1. Does A:ILE9 qualify as being more than 8 Å from chain B (Cβ to nearest Cβ) and modelled with pLDDT of 90 or more?
2. Would you call A:SER67 surrounded by fewer than 18 Cβ atoms within 10 Å (Cβ to Cβ) and at the interface with another protein chain (Cβ under 7 Å from one of its Cβ atoms)?
3. Checking B:SER102 against (1) polar (S, T, N, Q); (2) farther than 14 Å from A:LYS83 by Cβ; (3) assigned to a helix (DSSP H, G or I): exactly one of these is not met. Which one?
4. Take A:ALA35 and decide whether it is modelled with pLDDT of 90 or more, surrounded by fewer than 23 Cβ atoms within 10 Å (Cβ to Cβ) and farther than 23 Å from B:GLN67 by Cα.
5. Quick one: how many residues across region B:1-13 are within 12 Å of B:ILE40 (Cβ to Cβ) and not small (Gly, Ala, Ser)?
6. Hey, can you tell me all the residues within region B:70-109 that are surrounded by 11 or more Cβ atoms within 10 Å (Cβ to Cβ), more than 14 Å from chain A (Cβ to nearest Cβ) and of a type in the set (D, E, K, R)?
7. Within region A:1-29, can you find the residues that are among the polar types (S, T, N, Q), within 30 Å of B:ILE2 (Cβ to Cβ) and crowded, with 16+ Cβ neighbours inside 10 Å?
8. Within region A:52-78, can you find the residues that are among the small types (Gly, Ala, Ser) and touching a residue at least 12 places away in the same chain (Cβ under 8 Å)?
Amino acid sequence: MELLLDVVIILMTLSTLVVAARILLGPSLPDRVVAADGATTHVIALSVLVGMKLKSTTMFDVAIALSILSFLTAIVVGKYMEKGHIIDDIGNR
Amino acid sequence: MISAIVSIFLIIGVILSIVAAVGLHRLKDPYTRLHATSAINSFGLISILVASVFYFVEESAVTSLRQLLAVFFIFITVPAGTHILSRAAIVRDVHVWKPDGSELRQHEVEIIQTIKRQSEERRAHRLREEVQGREGLDGAKRS
């Protein structure tokens, strides 16, 4: 059980690095955003796994906060890519 | 028994996460990459969270409630984010990858044009509202 948890944490860390490489490699901006979204999902999974390893339940708050942050990132960057600005008429007045 | 369930869910989760990581490099354009990150990756995360629910089954009920809240939240928000990202990619003219390098078919071109037209209409509508609001503001100042 503990051994499996260690192996899973190591594999997830490597997988996170593989996903994060796409942020650097991605040819277009949507590629990078998609990769960043996937990397955040991997980090949420890693935080839950570390919480299981440390036998502490505080890491689930981290997971919830990170999932909200990843959703917000997707929405904000998507709006920026579609419209060219994020907040309505900032700098126009 | 509990240990076996936790192990199964952990293995499913890590396999799906690795598949998502490989898919992000194997697939060619943002639309197909969204399949890897949205569907497979979030399902892997959900199964890891389910494994942790069973791992902390002896804790209080509030703990598993928080984990299930995270599962619920991911289940709701990931499709919305995927929708917005793919739409933004279309508006930005990111090309669609075809396996044989052929051109887009007629109905696909129509869908892309519809999305672009909707985005333009929204932008024009917002600009019009903004101008009207500013005129109203100026009139209030003068009077």
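The values are calculated or read from the model by the stated rules, or taken from the named source; none is laboratory data. Keep in mind the model is a prediction, meaning the values are calculated, not measured. Every residue, glycine as well, gets a Cβ built from its backbone with ideal geometry; the counts of neighbours run over all protein chains shown.
1. Values: more than 8 Å from chain B (Cβ to nearest Cβ): yes; modelled with pLDDT of 90 or more: yes.
When the stated conditions are applied, A:ILE9 passes them.
2. Numbers: surrounded by fewer than 18 Cβ atoms within 10 Å (Cβ to Cβ): no; at the interface with another protein chain (Cβ under 7 Å from one of its Cβ atoms): yes.
Considered against the rule, which asks whether it is surrounded by fewer than 18 Cβ atoms within 10 Å (Cβ to Cβ) and at the interface with another protein chain (Cβ under 7 Å from one of its Cβ atoms), A:SER67 comes out as no.
3. Here B:SER102 clears every test but (3).
4. Working: modelled with pLDDT of 90 or more: yes; surrounded by fewer than 23 Cβ atoms within 10 Å (Cβ to Cβ): no; farther than 23 Å from B:GLN67 by Cα: yes.
Taking the combined requirement at face value, the residue does not satisfy it.
5. Of the residues in region B:1-13, the ones within 12 Å of B:ILE40 (Cβ to Cβ) are B:12-13.
When the remaining residues are screened for being not small (Gly, Ala, Ser), the result is B:12.
Of the residues in region B:1-13, 1 are within 12 Å of B:ILE40 (Cβ to Cβ) and not small (Gly, Ala, Ser).
6. B:LYS98, B:GLU108
7. So the first thing to find is which residues in region A:1-29 are among the polar types (S, T, N, Q), and the list is A:13, A:15-16, A:28.
Retained after the next criterion (residues that are within 30 Å of B:ILE2 (Cβ to Cβ)): A:13, A:15-16.
A:SER15, A:THR16 - these are the residues of region A:1-29 that are among the polar types (S, T, N, Q), within 30 Å of B:ILE2 (Cβ to Cβ) and crowded, with 16+ Cβ neighbours inside 10 Å.
8. Taking region A:52-78 as the starting set, the residues that turn out to be among the small types (Gly, Ala, Ser) are A:56, A:63, A:65, A:67, A:70, A:74, A:78.
Correct list: A:ALA63, A:SER67, A:SER70, A:ALA74, A:GLY78.
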